[in-house]
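Notes to accompany the following structure.
A short reminder: the numbers here are calculations on the coordinates, not readings from a lab. What you see is a predicted model; the values in this text were computed from it and never measured.
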Amino acid sequence: MNTSTKHEQDLLIRLSEGDSTAFSEIFHEYKHRIYATALRLMGSPTHAEEIVQEVFIKIWTNRHTMHAVEHFRAYLFTTARNHIYNALRQLAREKTDGFTTQEPACKGTEEKVISRDLERVLQNAVRRLPPQQERVYRLTKVEGLPRNEVADMLQLSPETVKIHLARAMRSIREYCIARMDMYPLLLLASTTSGIFFPAM
C-alpha cells in the first residue's frame, strides 16, 4: 500500500469515527473534480454546486461505513455519476412536463431536513452578530455587494468594512464549530459564501 493510499485509508477510518477534520480534508481534496465533472455534464454552475453538496452529504450521512470502502475514489465518482444522471433525468422530465421547481433535483427527504437544519444554524449565527457586523455580512455575502459599495452605503472606510466582515466570519465559524456534529454539513452549505474559508 503506497503512502497516498494509506493516508486515504486512515482518513476513511477517522471519518467512520465521526472525525469532521477528516471529512473536511476529503471534501477539499475532491470537491473541485466533482464540480468540474458535474458542470461539464449539466452545463449549470448552480446544478454542479448542488451535486457537490448532495454527494458529500451522502458521504457524511454514511460515514460509519466508509472504513470498509476499498477503492474510495471509484466509490466517490460512482456516487457523483449516479447523482448527476438522476438530476439530468429529473430535469428532462420537468422539461417534458413543463414543470419547474426550486428544489434540487436529486434531494431526498433526509437531505431536505439536513438543509433546513443547516439554514437554521447559519441564520442563528448571523442573528447573534453585533448590528454593524450583521449589516456588513448581509450586504456583502447575502446580497453580493462589493466592499467599496458597502462602505459608501454605511459611510465606513473599505478597511473598516473588511474588518467587520472578518470578525463576522470568525464569529459565525466559531458558533458553527461549537455545534461540531453539524460542522461537516455546514462546511458544504457555506463553501460558496466563504463562511469557513473566506477569500479576504
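The string of couplings for region 73-83 from the Karplus curve (6.51, -1.76, 1.60, θ = phi - 60°) is 4, 4, 4, 5, 6, 5, 4, 4, 4, 5, 5 Hz, one whole number per residue in order, with x for Gly and Pro. For region 1-59, calculate the relative contact order in percent as a whole number, restricting contacts to Cα pairs under 8 Å that are 6 or more residues apart. For region 1-59, the relative contact order is 21 percent.
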